[in-house]
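Colleague: I have a structure here, written as structure tokens, and I will follow up with some questions on it.
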Amino acid sequence: NAGVTQTPKFQVLKTGQSMTLQCAQDMNHEYMSWYRQDPGMGLRLIHYSVGAGITDQGEVPNGYNVSRSTTEDFPLRLLSAAPSQTSVYFCASSYSYTSGGTYEQYFGPGTRLTVT
Amino acid sequence: SQQGEEDPQALSIQEGENATMNCSYKTSINNLQWYRQNSGRGLVHLILIRSNEREKHSGRLRVTLDTSKKSSSLLITASRAADTASYFCATDSMDSNYQLIWGAGTKLIIKP
């Protein structure tokens, strides 16, 4: 199993450009999520999905869009890049949470994005 | 908003010593998880402890949970150079709609 894969590993964008960060998992996980990690801070949730066709906003959704057409893929779209979106982006997947809480999250290697 | 706060922010110890990191959180939780992140890499799950559990072990790792104090600790015994990494705690609760809320992490350096 490849686990969770992310592409690209590095990206430089100019302000106003758009792009899509790709995320795929081969573990048949229902739950997928996108986080951003900034220096000195913990991970912050951008968007998440509990299954194909179902997405919801996290803590910091502005400026980002997601869709989930298949169980395997969960792309993150930056609509009009801004310098404040310079960050490291992580995709994660797991079995879907229940009333008992969450499960172990499997993380991709991350995408380091710089917006100039 | 950060639910978990790790303490200390940074810790440097000699190889072979034990390392203890603490995590405090604000609201009642379902589960608390610990993760490791090596420099420039993704996070790796270490241990999940449920709110009705007090202690869990995994190899050289020992996690405790004190729900009355809203705190958890991660103990790494007999540290090795390969343990050098950042360690994060994350909690989920009904208040967070079961989404994980993360602390800022403890940066652990093991000196050879």
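Colleague: For the structure I just gave you, tell me whether B:Met94 is in contact (Cβ under 8 Å) with a residue 40 or more places away in the chain, open to solvent by less than 70 Å² (accessible area, probe 1.4 Å) and not β-branched (Val, Ile, Thr).
Modeller: On the way: in contact (Cβ under 8 Å) with a residue 40 or more places away in the chain: yes; open to solvent by less than 70 Å² (accessible area, probe 1.4 Å): no; not β-branched (Val, Ile, Thr): yes.
Spelling it out, it is not the case that B:Met94 is in contact (Cβ under 8 Å) with a residue 40 or more places away in the chain, open to solvent by less than 70 Å² (accessible area, probe 1.4 Å) and not β-branched (Val, Ile, Thr).
Colleague: Just checking, how many residues over region B:65-84 are open to solvent by 10 Å² or more (accessible area, probe 1.4 Å) and either of a type outside the set (D, E, K, R) or facing chain A (nearest Cβ under 8 Å) (or both)?
Modeller: Residues flagged as open to solvent by 10 Å² or more (accessible area, probe 1.4 Å) and either of a type outside the set (D, E, K, R) or facing chain A (nearest Cβ under 8 Å) (or both) within region B:65-84 amount to 10.
Colleague: Hey, B:Ile47 hits all of (1) in contact with a Ser or Thr (Cβ under 6 Å, 6 or more places away or on another chain); (2) assigned to a strand (DSSP E or B); (3) buried (at least 21 other Cβ atoms within 10 Å of the Cβ); (4) within 10 Å of chain A (Cβ to nearest Cβ) but one; which does it fall short on?
Modeller: B:Ile47 satisfies all of (1) in contact with a Ser or Thr (Cβ under 6 Å, 6 or more places away or on another chain); (2) assigned to a strand (DSSP E or B); (3) buried (at least 21 other Cβ atoms within 10 Å of the Cβ); (4) within 10 Å of chain A (Cβ to nearest Cβ) except (3).
Colleague: Quick test for you: out of B:Cys23, B:Cys89, pick the one residue that is open to solvent by less than 20 Å² (accessible area, probe 1.4 Å), closer than 21 Å to A:His47 by Cα and either facing chain A (nearest Cβ under 10 Å) or not in a loop (DSSP other than H, G, I, E, B) (or both).
Modeller: B:Cys89
Colleague: In addition: Surrounded by fewer than 18 Cβ atoms within 10 Å (Cβ to Cβ), touching an Asp or Glu at 6+ places or on another chain (Cβ under 6 Å), in a strand (DSSP E or B) and not aromatic (Phe, Trp, Tyr), is that true of B:His57?
Modeller: Considered against the rule, which asks whether it is surrounded by fewer than 18 Cβ atoms within 10 Å (Cβ to Cβ), touching an Asp or Glu at 6+ places or on another chain (Cβ under 6 Å), in a strand (DSSP E or B) and not aromatic (Phe, Trp, Tyr), B:His57 comes out as no.
The values are calculated or read from the model by the stated rules, or taken from the named source; none is laboratory data. Nothing here was measured: the structure is a model prediction, and the numbers come from that model. So basically every Cβ, Gly included, is an ideal-geometry build from the backbone, and we count neighbours across all protein chains shown. Note: areas computed on protein heavy atoms with side chains; ligands, DNA, RNA excluded. Shrake-Rupley method; radii C 1.70, N 1.55, O 1.52, S 1.80 Å.
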